[in-house]
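K.L.:
My questions will all concern the structure given below.
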């Protein structure tokens, strides 16, 4: 039986809920994607901060750096925000398991936040 007082489970549920809420909000906005991402920048930054504190992110710095380098090598600066979001969605959709999907969120949301304009 799972421990209901486990902080990691609470963190995981929080990340899942925040990502679900963000996707729902994004789905309801008719603006262009870049504008919508910027409008939701505070939520993206908050989610990214929590993701950066997870074990998955901490153990995957090399993979994060690889994603970032690939994106920067292949995408003009003005397109990186939308491209990083599209990449996150693609990794979620094509994840073979829920575990992979959750890992994609924890690795890629901080990448999206990186390309948001400064506050």
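Computed from the coordinates by the stated procedures, all read-outs in this text should not be read as laboratory data. Bear in mind the structure is a predicted one, so any value in this text is a computation, not a measurement.
K.L.:
Rounded to the nearest 10 degrees, what's the angle between the helix 80-93 long axis and the longest principal axis of the chain, both from Cα atoms, 0 to 90?
P.N.:
Long axis of 80-93 versus the principal axis of the chain: about 40 degrees.
K.L.:
Could you tell me the convex hull volume per residue, in Å³, taken over the Cα atoms of the chain?
P.N.:
Numbers: hull volume 13.7 nm³, N = 119.
Convex hull volume per residue, Cα atoms: 115 Å³.
K.L.:
A further question follows. On C-alpha positions alone, give me the angle between the axis of helix 98-114 and the longest principal axis of the chain, in degrees, nearest 10.
P.N.:
Between the helix axis and the principal axis of the chain, the angle is about 40 degrees.
K.L.:
Can I ask one more? For the chain, what does the helix formula give at 222 nm: sum of -39500 (n - 2.57) over DSSP H segments with n ≥ 4, over the residue count, nearest 500 deg cm²/dmol?
P.N.:
-24000 deg cm²/dmol
K.L.:
Give the angle, between 0 and 90 degrees and rounded to the nearest 10, that separates the Cα long axis of helix 61-74 from the longest principal axis of the Cα atoms of the chain.
P.N.:
So the helix axis and the longest Cα principal axis differ by about 20 degrees.
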